[in-house]
Amino acid sequence: MSTVEPAVPPHLDLAFFHRLLDVDERDPAVELLSKAREVSRGLGYLVMAAAARDGVVGTGSADELRRMRLRLDFYAEVLRHCRPLGARAVKGPALAVWYPADLPRPMNDLDLVVPDEAALWRTVGAVIDAFGPRTMDVTVFGGEPRHFLVALAWPGLDPLLDHDLRVEICTCAFTGDHAAVPMRALLPEDEVAAGLLGVAEERFQRPFNAKDAADVIMALAPGRPVDPALIVESAERWRLAPELLELLLHTRAHSDHLDHLDHGLLDGLALAARREQGRREAWSRDHGATEDATGPIGSEVASALRAQGTPVFGMQLTELERGTRPRRDPAAAVVHHFDGGALLRTPAADFLLVLDALVDQDLYDRGMAALRDLDAV
């Protein structure tokens, strides 16, 4: 297992971000920040932090950075509270340890992985009791074993400028593409591999961007103890070799900060990526024909709950309450089917299970009626 050493990280100054974002260095900092925000809010904060370090800061940007530090402090406190319960950070804090103190890595949300469902509900309950979130979202991934993703949210510090504070707790580290790349429950033990693969997994959601490149540069800084063979082995085992190879090539194309890398890492990833692409193509050939769900509305949710890795979403029906709810198993959620739909009763709240963002009023009314019937028993 590699250890995080206080190696001097690359100096990510404004000139670096000008090059990374292909903005002329003669352009004013406001143009650079505008381009960064087009990529992501997080990259915008990173550019502001680099500008502040270089003495380029005003009242508005200073307050945005202050609020981001408060957000990071809140997430750090939640993480400290959850670690004894078996939670481990995915991406955010795991990558942030490689950034210097005067260039903190921004985080829109905090992602945690827990070892099993019982640990999930212990952690969710502890966060609710200690921090009092306003809302809770839940996603159930079908099949066996069934996985859960719970998102707890609080209002942003500035309701007009800041997204909600959000802590996502999952029983699975990597959720894949819901097709050829399956869910993978565990994180790599090696911290460098875990950080890199956490960024690589994002490719299933969006193209890589400059903030991802900054993460890679910090994770693979000169002096960092990196085992190329272990990184390749981890990428292959977690089925992310094509994405990790693309991520490293993307970073190299926009910066010279990876010129020190062992060529064996890229060569090994290229071989592993070809093997993984072949496996995915074989999977696609074998699973090319899919059957449409048939039957009444409720059967679609039931079918999705049986399908491996298929996400089913929960619409919150009851308020979050601190403390243990009576007549609830504190370690498990239970699905209750009713005519045309399904409810999920968790240790924290009750949900109507749906497949789409828009919920028919009649389905909602029948779900509430079914919930009242369960409470009356």
Output yes when any residue across the range 147-154 is closer than 26 Å to PRO242 by Cα, of a type outside the set (Ser, Thr, Tyr) and in contact with a Gly (Cβ under 9 Å, 6 or more places away or on another chain), and no when none is. yes
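Let's see how each residue does on (1) under 27 Å from ALA118 (Cα atoms); (2) touching a Leu at 6+ places or on another chain (Cβ under 9 Å); (3) touching a residue at least 60 places away in the same chain (Cβ under 8 Å); (4) not charged (D, E, K, R):
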position	(1), (2), (3), (4)
PRO330	yes, no, yes, yes
ARG345	yes, yes, no, no
ALA349	yes, yes, yes, yes
VAL354	yes, yes, no, yes
GLN361	no, no, no, yes
TYR364	no, yes, no, yes
LEU371	yes, yes, no, yes
ALA376	yes, no, no, yes
Restricting attention to the range 287-295, does a residue exist that is free of Cβ contacts under 8 Å to residues at least 12 places away in the same chain, of a type in the set (Asp, Glu) and surrounded by fewer than 21 Cβ atoms within 10 Å (Cβ to Cβ)? yes
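Would you say ARG237 is open to solvent by 10 Å² or more (accessible area, probe 1.4 Å) and within 30 Å of LEU70 (Cβ to Cβ)? Can you show your working first?
Values: open to solvent by 10 Å² or more (accessible area, probe 1.4 Å): yes; within 30 Å of LEU70 (Cβ to Cβ): no.
For ARG237, the condition - open to solvent by 10 Å² or more (accessible area, probe 1.4 Å) and within 30 Å of LEU70 (Cβ to Cβ) - is not met.
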When only residues in the range 140-161 that are at pLDDT below 95 and of a type in the set (A, V, I, L, M) count, which is surrounded by the fewest Cβ atoms within 10 Å (Cβ to Cβ)? LEU160
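Rundown of residues vs (1) under 25 Å from SER40 (Cβ atoms); (2) more than 22 Å from the chain's Cα centre (by Cα); (3) not acidic (Asp, Glu), yes/no style:
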{"position": "ALA214", "(1), (2), (3)": "yes, no, yes"}
{"position": "ALA221", "(1), (2), (3)": "yes, yes, yes"}
{"position": "GLU233", "(1), (2), (3)": "no, yes, no"}
{"position": "ASP259", "(1), (2), (3)": "no, yes, no"}
{"position": "GLU276", "(1), (2), (3)": "no, yes, no"}
{"position": "ALA282", "(1), (2), (3)": "no, yes, yes"}
Residues satisfying the stated conditions in the range 322-377, i.e. under 24 Å from ARG146 (Cα atoms), open to solvent by 30 Å² or more (accessible area, probe 1.4 Å) and of a type in the set (Phe, Trp, Tyr): PHE338
Quick one: what pairs do we get from the range 70-96, first residue on the phi > 0 side of the Ramachandran plot, second in a helix (DSSP H, G or I) and of a type in the set (Ser, Thr, Tyr), C-beta under 9 Å, 6+ apart or different chains? GLY86/THR123
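Going by what's in this entry, would ALA370 be described as among the small types (Gly, Ala, Ser), touching a His at 6+ places or on another chain (Cβ under 8 Å) and under 18 Å from ALA302 (Cα atoms)?
Numbers: among the small types (Gly, Ala, Ser): yes; touching a His at 6+ places or on another chain (Cβ under 8 Å): yes; under 18 Å from ALA302 (Cα atoms): yes.
For ALA370, the condition - among the small types (Gly, Ala, Ser), touching a His at 6+ places or on another chain (Cβ under 8 Å) and under 18 Å from ALA302 (Cα atoms) - is met.
Identify, from the list LEU79, LEU33, LEU43, the residue that is open to solvent by 30 Å² or more (accessible area, probe 1.4 Å), within 30 Å of PRO155 (Cα to Cα) and among the hydrophobic types (A, V, I, L, M, F, W, C). Working first, answer last.
Numbers: LEU79 fails: open to solvent by 30 Å² or more (accessible area, probe 1.4 Å); LEU43 fails: open to solvent by 30 Å² or more (accessible area, probe 1.4 Å).
Only one candidate passes the filter, namely LEU33.
The values are calculated or read from the model by the stated rules, or taken from the named source; none is laboratory data. As the structure is a prediction and not an experimental result, all values here were calculated from the model. Every residue, glycine among them, receives a Cβ derived from its backbone with ideal geometry; neighbour counts consider all protein chains shown. What goes into the accessible areas is simple: the full protein's heavy atoms, side chains included, and nothing from ligands, DNA or RNA. Shrake-Rupley method; radii C 1.70, N 1.55, O 1.52, S 1.80 Å.
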